[in-house]
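What follows is a single structure, written as structure tokens, with notes after it.
The values are calculated or read from the model by the stated rules, or taken from the named source; none is laboratory data. Everything numeric in this text was worked out from a predicted model, so none of it was measured. Backbone-built Cβ (ideal geometry, glycine too); neighbour counts: all protein chains shown.
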Amino acid sequence: MPRKIILDVDPGHDDAIAILLAHGNPEIDLVAVTTVAGNQILPKVTYNAMRVATLVGADVPIARGAEFPLVRKQTTDGELTVGSVHGTSGLDGPALPEPTMELDPRPAAQLIVDTVMAAEPQEITLVPVGPLTNIALAMRLEPKIIGRVREVVLMGGAYTQGNATPAAEFNIYADPEAASAVFSADWQVTMVGLDLTHQAVATPEIKERIRAIGSPLAQTVVAWLDYFGGTYDSVYKLPHPPIHDACAVARVINPDILHVEDAFVAVETRGQWTYGDTVTDFLGAFGEPFNTLVATKLDFDAFWNLIIDAITTISAQQSQLSSVQS
Ligand SMILES: [Ca+2]
């Protein structure tokens, strides 16, 4: 049985590849996509999510989510002092198709609640790969979802070093209060943070394998990686771009792709220099019960095989479709 997930996104180049992977992998049943202000303001990321869903042919409900964080002043990728990696549209680079679908009329938090409550207990997995505002709002709207969700596999946080600030990873920094609510709730949380996702880099060899698929979709993905690679190099001095968000989807497809360790994770909401830090206690120094599975090691080859298989699968569907239409 494919695993049913709700993917909560703020596209974002790595979000786009996460949508592609969730749609193109047979082990995942993508039941909805929800959007949240993060890498860019809400209208931009929602438009991007719709364009990406159109590009890959994902016919799923898409709902617009939170426009602002719960407490803090909004910050986007474009406003970070260190520099922007996604560009002014939130998804700069290759031209994309205009959306062909309508938005779901419900706010994202309502769609999440409705979907989780209508499903069997432990049937729906939440995969948030942007700021955690929508998830926190859904918990407040219907606390029963906390016991009903199978697990939360989130991209966010870091146990060594951040990227929005030295202490904080962007998704957590963009809404630390929401993140604190999600980590401290009584459900299974897996933190796929920067320590893990910085292993999921698109090397020249990987880009060549994608290019060799030869389809229009593969060309678009390579163009995303070229754009994202360029900004990652100039902003973070990293030679190859990490595809953060797709790592959380990969964990749901095959748990063995990510090695995890138990820890207590708390989100710093008061620190002067550490606001949004995911303080990760592997040793039990605080004496708090462990509340998080923290991803530490990636199976690089297995991860990229999943991405390449998904691009190949969707490309084959699209070429079949266009030959039927012509
Ligand atoms: Ca994201």
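For (1) farther than 15 Å from V129 by Cβ; (2) charged (D, E, K, R), each residue gets a yes or a no:
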site: M1; (1), (2): yes, no
site: V9; (1), (2): no, no
site: D15; (1), (2): no, yes
site: L21; (1), (2): no, no
site: V33; (1), (2): no, no
site: V45; (1), (2): no, no
site: M50; (1), (2): yes, no
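Based on this model, can you work out whether A168 counts as small (G, A, S), crowded, with 19+ Cβ neighbours inside 10 Å, within 16 Å of the ligand (Cβ to nearest atom) and under 16 Å from N39 (Cβ atoms)? I'd like the intermediate steps shown before the answer.
On the way: small (G, A, S): yes; crowded, with 19+ Cβ neighbours inside 10 Å: yes; within 16 Å of the ligand (Cβ to nearest atom): yes; under 16 Å from N39 (Cβ atoms): yes.
So A168 fits the description; yes.
Suppose we keep only residues that are of a type outside the set (S, T, N, Q) and within 10 Å of the ligand (Cβ to nearest atom) within region 18-47. Which one would you say is nearest to the chain's Cα centre (by Cα)?
So in region 18-47, the residues of a type outside the set (S, T, N, Q) come out as 18-24, 26-33, 36-38, 41-45, 47.
From what is left, the residues that are within 10 Å of the ligand (Cβ to nearest atom) are 18, 36, 38, 45.
Numbers: A18: 6, V36: 11, G38: 11, V45: 12 Å.
It comes out as A18.
Please find, within region 237-253, the residue that is farthest from the ligand (Cβ to nearest atom) out of those that are closer than 16 Å to V221 by Cα and in contact with a Pro (Cβ under 9 Å, 6 or more places away or on another chain).
That would be H240.
Which residue pairs have Cβ atoms closer than 9 Å, lie 6 or more positions apart in sequence or on different chains, and pair a first residue in region 113-135 that is on the phi > 0 side of the Ramachandran plot with a second residue that is of a type outside the set (A, V, I, L, M) and assigned to a helix (DSSP H, G or I)?
Q122/R148
Confirm whether A158 is assigned to a helix (DSSP H, G or I) and either modelled with pLDDT under 95 or surrounded by 18 or more Cβ atoms within 10 Å (Cβ to Cβ) (or both). Full working, then the answer.
Numbers: assigned to a helix (DSSP H, G or I): no; either modelled with pLDDT under 95 or surrounded by 18 or more Cβ atoms within 10 Å (Cβ to Cβ) (or both): yes.
So A158 does not fit the description; no.
Looking only at residues that are more than 12 Å from the chain's Cα centre (by Cα) and closer than 14 Å to N134 by Cβ in region 171-184, which one is surrounded by the most Cβ atoms within 10 Å (Cβ to Cβ)?
A179
Identify, please: which residue in region 1-17 is surrounded by fewer than 23 Cβ atoms within 10 Å (Cβ to Cβ) and not charged (D, E, K, R) and is, among those, nearest to the ligand (Cβ to nearest atom)?
So in region 1-17, the residues surrounded by fewer than 23 Cβ atoms within 10 Å (Cβ to Cβ) come out as 1-4.
Next cut, not charged (D, E, K, R) only: 1-2.
Working: M1: 27, P2: 23 Å.
The selected residue is P2.
May I ask you to verify whether V294 is modelled with pLDDT of 95 or more, crowded, with 19+ Cβ neighbours inside 10 Å and not polar (S, T, N, Q)? Write out each step before concluding.
On the way: modelled with pLDDT of 95 or more: yes; crowded, with 19+ Cβ neighbours inside 10 Å: yes; not polar (S, T, N, Q): yes.
The answer is yes for V294.
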